[in-house]
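The values are calculated or read from the model by the stated rules, or taken from the named source; none is laboratory data. Keep in mind that what you see is a predicted model, and the values were worked out from it rather than measured. Backbone-built Cβ (ideal geometry, glycine too); neighbour counts: all protein chains shown. Ligands, DNA and RNA are excluded from the accessible area calculation, which covers all protein heavy atoms including side chains. Shrake-Rupley method; radii C 1.70, N 1.55, O 1.52, S 1.80 Å.
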Amino acid sequence: VIYPKVDAAPAGFSSRWLQDILRIELGFTGAIFSDDLSMEGASVAGNHTQAAIAALNAGCDLVLLCNQSLNGGKPVDDLLDGLDRALAKGKWEANPQSEARRLDLLPQTAPLTWDELMVHAPYMQALTRLP
C-alpha cells in the first residue's frame, strides 16, 4: 500500500511509516514483520533479497518469505545467503533493538500441558469472546 501524501514508498518499505509513525507517533514497541516478500506488491523493491534489505532498513524486525519451500527451499536459502552478503558489504546493519524485539517473541517459560491450557485464564477469556 502506498500513501503518496505520507511517503512515495510502500508502507512496508517506508521508514516514515515504520519508524516515525508506528514507533514514535503511535508508540508501538513490539516486533514489526514485513509483508510476505513473495507477494507481487513486494516486487517493487526488487528481488527477495533487495526487498528484505529495504524492509529491514525501513524498520522491520523480521522479514517473511512465505510458501517458498518448493525446490528444496531454494528461494529461502537464496534470501539468507543474499542477506549475509549484504550484511558483509554494509548494505544493511543488524540492529540490537530489533534483536531484542525478536527475542521477546520467544516463550520465556515451558509450554503448558493440554490440561493446564484448558483452564489457563487467558485461554478461558479468549473462549468467552467466541460467538
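Loop-only trypsin sites (Lys or Arg not before Pro) in segment 36-126, please: DSSP not H, G, I, E or B, and at most 16 other Cβ atoms within 10 Å.
Values: sites: ARG85, LYS89, LYS91, ARG101, ARG102; in loops: LYS89, LYS91.
Sparse-neighbourhood loop trypsin sites (Lys or Arg not before Pro): LYS89, LYS91.
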> So how far apart, in nm, are the two label points at MET118 and ARG102 if each is 7 Å from Cα heading toward Cβ?
Replying inline: 3.8
> Given charges of +1 on the Cβ of Lys and Arg and -1 on the Cβ of Asp and Glu, with all other atoms neutral, how large is the dipole of segment 31-116 about its Cα centre, in debye to the nearest 20?
Replying inline: 380
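With N denoting the number of residues in the chain, provide Rg(C-alpha) divided by 2.2 N^0.38 Å, to two decimal places. It would help to have the intermediate numbers written out before the result.
Details: Rg = 18.1 Å, N = 131, 2.2 N^0.38 = 14.0 Å.
For the chain, the normalised Cα radius of gyration comes out at 1.29.
Select from segment 1-103 those GluC sites (Glu not before Pro) which occupy a DSSP coil region and have at most 16 other Cβ atoms within 10 Å, ordered by residue number. Each step should come with its number before you reach the end.
Values: sites: GLU25, GLU40, GLU93, GLU99; in loops: GLU93.
In loop regions of segment 1-103 (DSSP not H, G, I, E or B), the sparsely surrounded GluC sites (Glu not before Pro) are GLU93.
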>> So the label point goes 7 Å from the Cα of PHE33 along Cα→C-beta, right? Which residues of segment 61-79 then have their backbone N under 13 Å from it?
In response: 61-67
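Tally up the carbon and sulfur contribution to the accessible surface of the chain as a whole percent, 1.4 Å probe, everything protein left in place.
Details: 5390 of 9180 Å².
Looking at the chain in its full context, I get 59 percent from C and S.
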>> Full-extension gain between LEU26 and ASN95, please, as 0.36 nm times their residue separation minus the C-alpha to C-alpha distance.
In response: 22.8 nm
>> Give me the 1.4 Å probe accessible area per residue for the chain, excluding ligands and nucleic acids, in Å².
In response: 70
